[in-house]
Every structure is written in C-alpha cells, then in structure tokens.
Amino acid sequence: MTGDAPLSRPPMGTLAFWCWAAAFTGVVYLAGRWVTNDYVFFAGYIVLQYVLLATAWNILGGYAGYVNFGTAAFFAIGAYISTALNKWLGLPLPVLILAGAAVCGLIGLLMGGLTLKLQGVFFSIATLALAIVTQALITNWEYVGGAAGAYVIRPSRGPLGGSYVEYLFYTMLLLATLAVCIARTVERSAAGYGLAAIRDDEAAAEAAGVPTMKLKVATTVLSGALMGAAGAPLPFFVTYLDPPSAFNLAVAVNTIAMPLVGGTATWIGPVIGAVLLSIVQEAAMVTISSAVNLLLVGLIMIGFITLAPNGIMGLLRGRRR
Amino acid sequence: MAALLDVQGLGKRFGGFTALADIDLQVAAGERLGLIGPNGSGKSTFVNCISGTLRHDSGRVTLGGQLLDALPPHQRTRLGLARSFQLPRPFGSLTVAENLRVPLLYAGATKLSDAECRERGMALLGQVGLADKAAQRPRELTQIEQRKLELARAMAAGPRLLIADESMAGLSNAEVDEIVDLLLRLNGQGVTIIMIEHIMRAVMAFSQRLVCFVAGRKVADGLPEEVVRNPEVERAYLGE
Amino acid sequence: MPISASFRRAIPAASCSPAVVDKRSRGKRAWKGKPNGMDPLLELLLNAVVAGLLLGAFYAAVAVGIAIAFGMLDIPNLAHPAFVVMGAFAVWLLNDAFGLDPILAGILCLPPFFLLGVLLYQAYYACFESRGDNALQGLAFFFGILFVTEVVLILVIGADYRTVAAPYIGPNWRIGGIDLPLRMLVPALVSLLMIGGLHLLLTRSFIGRAILAVSQDPLALQLMGASPVRTKRLAFGLSIATAAIAGALLIIIQPVEPSIGREFIGRAFAVVVLGGMGSFVGMLMAAMVLGVTESLVATLFSPSWAPAIAFGFLLPTLAIRAGGLMGRKL
Ligand SMILES: Nc1ncnc2c1ncn2[C@@H]1O[C@H](COP(=O)(O)OP(=O)(O)OP(=O)(O)O)[C@@H](O)[C@H]1O
Ligand SMILES: [Mg+2]
C-alpha cells in the first residue's frame, strides 16, 4: 500500500500495468529465442519460480498479515497432483497447472475456513502442521512413488520449438508475471485497502464494514492456488520427484524470507527479494555447501526482520523521505 | 415514531462477572441520546455488543426492524450502524485519508468511484479539522487528532445510527464545542446519534434524552435535567 | 513381577516417531506366549493404550515449554522443538564424551538453556514486543530461529541419527501381559516430575505467581511491584530450560537427528491449544489423549499415519474454539 498514492503523482493504472507486464513478457520471450545455453533457462526458471512463490505468499502474508508456513505443502501438492494426472491421463502442462492450482485453492479454502476466525498465530501453526501432515500423506501415496519417489519423463522438445526446459521457463515466466499483475491489482483495489485494514486492526476493519472473514478466505484461496501452480511444472523440471525434494525446507524458508527481505507492503518487494536471494543462492551454490547456503538465507532473514522490518523497499523509502 | 434501535433484555458476562444485565433501550430515528455512567459501568461493552464486536449472551437487538443478533459486525455497519472506538484504533499503515477510504469503499450502499471517494474523504476530514493531515500516518497525529479521525471514520460509513464512544475525552473546551456542533449538524441531516461521554457540559448541550448505566444496569432514562437529578444517578456519581 | 530384559534397541526408520518404534517391538512380542491367556486383541489394545500414555507424558514434556511461552506469555515460540533437539544433542555430547547419565546431563544443561531463553527473550522484546508489532514479524523471527538452529546442528553435528547409552534403555518390565519398556517409562516419570515441579513453582513461589499474573493482568503485576518485562524474561528462560530435559527424554526414547524437531511442532502446539492455553492439567490430559490416539492408530492401522493425528486434533480444536471466543485470547 503506497501511502502517498492518492495525493502525489497518480499511480500507473491497472490496465497500463498489465500492458507493460505483457510487453515485458514478450520481450523476454523474444530474447529467449536467441539463447542456446539451457543453463540460462534452468537458472531463470528457479528465479521465476521464487518470484511466483514469494508473490503468492505475500498476497496473504504481506497484505493481510497472515503468515503461511505451509508453502512447501501447497507447492508439493501442486507438484504431486501434476505428477499423478500426468501418469494417469498424460494431460498437457497448462491443464496440469490449472489442476494443481484448483486443488491447492480448495485446500486453502478448507484451511482458511477452519482457522482464519482465530488470531493469526493459530492459522500459522495450522499451516506449519499442514506441511508435516501432507508430507506424511504423500509418503504413503504409492501411486506417485511413495517414499521412493517417481521418475517423470521430460519431453526433449517443447511445443514452441526449443528445449522443453526453455518451454518450462516461458511457462514460469507467464505464471510469475500473471501473479505479479494479480498482486498489484489486488493491492490497488478495494480488496487491497480491506486487507491492509485487516492487517492493522481486524476489529476496526469489521467495524468499518470490511467482510474480514470472506476477504481472508478468498485471499488464502488465491495465494494457495498460485503456490499450487508454481509446483505443477516441478516434476518436469526435476524429472525425479520424491517427498524430500518436493517438501524442500529451502522452499518454505525462501518463500518467507524473500518478501520480508524485499518488503511486504507492495508487489515490488517480493519480486526484489526473490530475484536478489535466488541469485545470491545460485551464485553461492558454486562455492559453498547447500547447508551453509541455507544458513545464509536464514541469517539474512532474521537480520532483516529484526533490523529492517520493512525490507529493502522500506529502506529505500526511508532514504527518500 | 418507530424505534430505530431496539434493545431488549441485553445481557453480557465476562467469565463470572456480569458486565451488562437485562438492558432495555429504544432509540427513535433522528433522536440524540446521551449515555452516561461511571467508569466500568458497561457503556463500551454495550456498544461492543450492539455493533457486534462482542457477542452478547442474552437479549435481542434490532435496527430498523432487522434482527442483528446473528450478523457479523461488518454487516451491521452496512445496515447503517457505525461506532467509534473509545481508544482510537486507526489503521496504522494507511494514511489518514486512506483510513476513511476503507469505510467509504466497504460500508456504503453504492460503489463509489476513486474520485468520489477522495472527495467525500476530504470533505469529512475538513469537517473534523484534519484536512491538512490527510497524507500523514495516524501515528504522527496527536491523541486528540486520533480521536477526531476515529469519529470521521465512523461518519464515513454513512450511518443511520452513529455511536460516539467518548470522542471528546481530553479535548479543550473549544474543541468540545466544535465536535458537539459537528454531531448536531450530522443529526440535522437525519443521523440518529448515541453519545457516550463523561463531559457533562457536552452531554447536556447535545442530548434530547439521557440514559445512565450503573454497574451494568440501566438506572435512569429520561429528560436530561431529570436524569441528572435522579437520586440513584447522583449516588453513583458522588459515591454515597 | 516378571521382568523380561530383552536388550533390544529400536532401530530408526525413515520417519521415526516414538509410536513407530513401539509398534515394531510389540509386533514381535505378540508371537511369544501369553502367560495370562489374555485375549490377544485386548492385550494388544491395552498395550497400545499404556504405550500411548507413556508417549503422551513425553509429549507433555515438549509441550510444557510452549504452554509457558505461548499460553502464558503470548510468545509464539515455534522454535521450541528445535531447542528440544538441541537439548538432545547436548545430552548426547555429554553422554558420549563422559558417559554421563542422559537425565543428569539434561539437568546439567538447564542453566545454559535458561540463559539462552533469557537472551532470546531480550532480543524478541527489543525487536518486536516493545515496538508493538509482534504478530507477523515475531512469528517469522521464530521460524527463522527454528530453521537456523536446525541448519547449524546439521553443520556442527551432522545429519546422522545419534543415540545415548543408559541402563534403563533396553530393559522391559512386563506386568500382567502389559509391557512397560523402561526407555518409555523413565522419561514419562521424569516428565511428570518436571511438570509437577513447575506447577509447584508457579503456584507457590513469588516469581511463579508473578508469572501467572503477567499472563492475566500485567497491570496488577506492576502493583505487586514486579516488572512485567523481567518476569517474562525469567519465565521465557524457564520455558527454554525445559527443552533441555525434554531433549534428554527425547534421545532416551528414540534416536535423534537435527530435523526431527519439526515433527513435534504440530503435536506440541495442538496439545497446548487443546489443553486450554497455559493450563498444565489441561495440557497433560491433551497430551495423553494425543499419545493414546497415536498409539492406537499406529497399532490398528499404520504407524505412518501417526503424524496426521496431531493435525486431526489441531484443526477441529481451532475450529471449535473459534466459535465463542472472538475478541478474547484465541
Ligand atoms: N473483554 C473483557 N474481558 C473481561 N472484562 C471486561 C472486558 N471488557 C470489559 N470488561 C469489564 O467490563 C466492565 C465494563 O467495562 P466497560 O468498558 O464497558 O465500561 P465503560 O462504562 O465503558 O467504562 P469507561 O467509562 O471507563 O469507558 C469493566 O469492569 C471491565 O473491566
Ligand atoms: Mg468505555
């Protein structure tokens, strides 16, 4: 929520923003056709996946102040729904993504409906438990390989020409851009003001006419669906999916760390945080072990929460004042 | 005149403590009601129960003939019941203008455009004397300005019935008069108002009728001059 | 009293919860004779219930720290199970290096853990509580601590399962067809002792009553002449100190690796919420109910469902309590 919006320079209209985003996607797509090295697409996919996850998390966590620790669960459910449907019916990727999003949206609806009446802490604890339980359930799901995991065959070429990884990259590009556009639209709409009111004082929000429960549940569904969509292409990206890789703790931590590092108040924060942190990790992966890498993310996150609670955007804005 | 607000047998307990017992109260449309009572007599609890912030244990509340008991607070607000909080509860991350935008967007019957929202918001801020603070954050306001914001936010919901819970505590005499004038003007536009206040000067200047709570019970209800002379009210206030 | 000392040590499975370990050893025992001629199904169920009670008592030891921090002080310390694992590793170090008894080692760890809690509260207070925005940020903070603790343990000690040695790990009492493995019985008793002691401390001592007061009415506390911040600091120190003992009990019951703590987050919070946020008696009962349910499900169905039970408890508890309690604590 940009406080100065109503008075100072008029903000870009929502339509204009969508157009710019579409143009950006087009430019990246055209540029991508020139790239022949698949590593670029592998690395880019990871960055975009985190942009998507961080943005999805922030719609609920940043705008409404409800902390979801269960990102890994939504993400993994998306991945496993996609694996199962692919094995069963062999559907095309866009359909798998929609299915993953739908199932995760439904789980968001159930979780939200049951726990969002309470103080936010209880919602958070429930999401944390959800992650652990889902892992137990999927470990028992033999159809998708259970504890042993399952191999997924990645086609060698994508439907647009170029490698399949390149296709996955464009898919993720589209999803991430879509998520950012949705987040910004939510932020600038009535819902954005309602969510900010909820975050600041829920009883006062109710008294001001905000249907807090409905808004929170709707936001949880949206956020969960986007996380599910983020997970759906994963099986094709990794080609071998097992519970430990799907329920990767790194995913859960990064998704929270990125918005907090970038700043949770606006759509740009999670994007900045995701790009920065995933590039740092990608770079560090070469030199240090993955455990040290994770430690780094954890420490950066704690550092930002304690010292710069409004993230990088907060620091920048503070400087400008 | 049919009652706009009709409260019957309202009761509320906190654990073993009875905060409100069997309160009956009718408020006519267009009326100006003062509600007084010593500290802890249950006035704010009464407001919380009527507006749905707390759930009452017994009794029934209707607004314009519609039963409110099962409705969540936001629906009561949309039906035209707005309240201010005794301790201001502004939306801290929003500017003063945006604070009003929330009820303007959510509580009104019709959907307002961006420009209309801004215009209405600025008009309301002008009425409470906060026009020049529109772009500030609530925490940059003084306690008194926060009270004004709280009142303006309740007004922004476009209520039929406005309950102002101690909107004037800590204000100077001139400011009290300003707020009383504002509420009188609002009442002139047809808004029914319940004013909860310890400042007797304001209550007496404002109210057409006065109600007094003592220890969760309604002990007096009538013309202001009569109520303040009521022996039970005097005893509660003078502590004999 | 027939004592069958069958020095069998449970071997960790991939997802190793106490219930899992128990089920496995019992499964083998069912083949041996039934001295009293008890109905085998009844014997199985009785054993499951007893094992569940012992397990529940241990869960209570993990949950008691959360009951203090979250139930009484309103501090959502998600990292508590990570501290329990840290306690387990501290005990393992002492046991491995000096052959110290695990429970004694846990007691030795009390002061440093208390200090850790005091420092952590100091940081939490300075960064969140005093600023007044402790909801989102505070939760994320503890999540970060949970995560960092786990990673540091992996870096320092490694991701392997560790075990301790003690005379009561292995022997098994058998009373009328019911197994009482000492490796479960001793932790259960120590847990009950600890919770009883804490209860006495909270209700009988001045500090304890100040802690209870701070959870209900900080203003009244100031009238008593105690500072709320200092009281909360002490109480939080106490809450983290319990993790040392709980850690000792954990590593007696089962082998431990750094990320195992996560399995207890859902359980411990479910127990605290179900028990009524900060009531020891309620918590103890909730822990027993959870333990017995897990044990029965593990016996009758499959141990791999055990982690789902806590969730099955937590969600309805939250949903039901949501009804009348809007605006109050929950
Ligand atoms: N949520 C609550 N839980 C327990 N007791 C409460 C709660 N809210 C109010 N009370 C108690 O109910 C009684 C009535 O409080 P209330 O705030 O309604 O009084 P009041 O008339 O508004 O007083 P004041 O003039 O000081 O505003 C008080 O004794 C108060 O302590
Ligand atoms: Mg009051």
Partner aspartates and glutamates for B:Lys133 [C-alpha distance under 16 Å; skip if fewer than 8 residues away on the same chain]: A:Asp4, B:Glu98, B:Glu119, B:Glu145, B:Glu150
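How big is the C/A interface in buried accessible area, both sides summed, 1.4 Å probe, to the nearest 100 Å²?
Chains C and A together bury roughly 3800 Å² of accessible area.
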Buried on assembly, segment B:46-62 (at least 10 Å² less accessible surface than by itself, 1.4 Å probe): B:Thr53, B:Leu54, B:Arg55
Where the protein assembly as shown is the region considered: accessible area per residue in Å², 1.4 Å probe: 39 Å²
Normalised alpha carbon radius of gyration of chain A [divisor 2.2 N^0.38 Å]: 0.98
Three-way shape label, segment A:106-184, alpha-carbon gyration tensor, a/c 1.5: oblate
Kirkwood hydrodynamic radius of segment B:15-137, Cα pairs, Å: 16.8 Å
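Assign one of three labels to the protein assembly as shown, namely rounded, prolate or oblate, based on the Cα gyration tensor with a ≥ b ≥ c the square roots of its eigenvalues; rounded applies when a/c is under 1.5, prolate when it is not and a/b is larger than b/c, and oblate otherwise.
Here the protein assembly as shown falls in the oblate category.
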Approximate spin-label separation B:Phe14-C:Val281, in nm, with each point projected 7 Å along Cα-to-Cβ: 2.4 nm
P(r) weight above 23 Å for chain B, C-alpha pairs, percent: 48 percent
Tail weight of P(r) past 14 Å, computed on alpha-carbon pairs of segment A:201-285, percent: 76 percent
Cα-centre dipole for segment A:37-248 with unit charges at Cβ (Lys and Arg positive, Asp and Glu negative), debye to 20: 240 debye
Gyration tensor (alpha-carbon) shape descriptor, segment C:46-154, a/c threshold 1.5: oblate
Exposure ranking of C:Leu192, C:Leu296, B:Leu130 by accessible area [1.4 Å probe, largest first]: C:Leu192, C:Leu296, B:Leu130
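What is the magnitude of the charge dipole of segment C:7-320 about its Cα centre, with +1 placed on the Cβ of each Lys and Arg, -1 on the Cβ of each Asp and Glu, and no other charges, expressed in debye to the nearest 20?
Here the size comes out at about 580 debye.
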Selected from C:Leu119, C:Ile195, B:Ile179, residue furthest toward positive end of dipole (the protein assembly as shown; charges at beta carbon): C:Ile195
Accessible area of B:Thr110 in the full protein assembly, 1.4 Å probe (Å², nearest 10): 100 Å²
Accessible-area order (highest first, 1.4 angstrom probe) of the listed residues B:Ile23, C:Ile157, C:Ile207: C:Ile207, C:Ile157, B:Ile23
Probe 1.4 Å, all protein chains present, accessible-area order of A:Asp242, A:Asp38, B:Asp181, largest first: B:Asp181, A:Asp38, A:Asp242
Heavy atoms of A:Tyr29 accessible to a 1.4 Å probe, total area in Å² rounded to 10: 80 Å²
Value of [θ]222 nm, deg cm²/dmol, for chain B, DSSP H segments ≥ 4, -39500 (n - 2.57) each, nearest 500: -11500 deg cm²/dmol
Subset of A:Lys117/C:Lys232; A:Lys214/C:Lys232; A:Lys87/A:Lys216; B:Lys43/B:Lys148; B:Lys148/B:Lys218 violating a 31 Å alpha-carbon distance limit: A:Lys214/C:Lys232; A:Lys87/A:Lys216
Span per principal axis, largest first, for the Cα atoms of segment C:97-192 (Å): 58, 30, 23
Gain upon complete extension [A:Ala31, A:Ala148; 0.36 nm per residue less C-alpha separation]: 38.2 nm
Cβ-placed point charges (K, R +1; D, E -1), dipole of chain B about Cα centre in debye, nearest 20: 680 debye
Proximal charge balance of B:Ala156 [Cβ under 10 Å; K/R count +1, D/E count -1]: +3
Principal axis dimensions, largest first and in whole angstrom, of segment B:89-158 by Cα: 33, 20, 18
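The values are calculated or read from the model by the stated rules, or taken from the named source; none is laboratory data. Bear in mind that the values here come from a model prediction, so they are computed numbers and not experimental data. When we count neighbours, we look across all protein chains shown, and the Cβ atoms used for this are built from the backbone with ideal geometry, even at glycine. Surface accessibility is based on the protein's heavy atoms, side chains included, excluding ligands, DNA and RNA. Shrake-Rupley method; radii C 1.70, N 1.55, O 1.52, S 1.80 Å.
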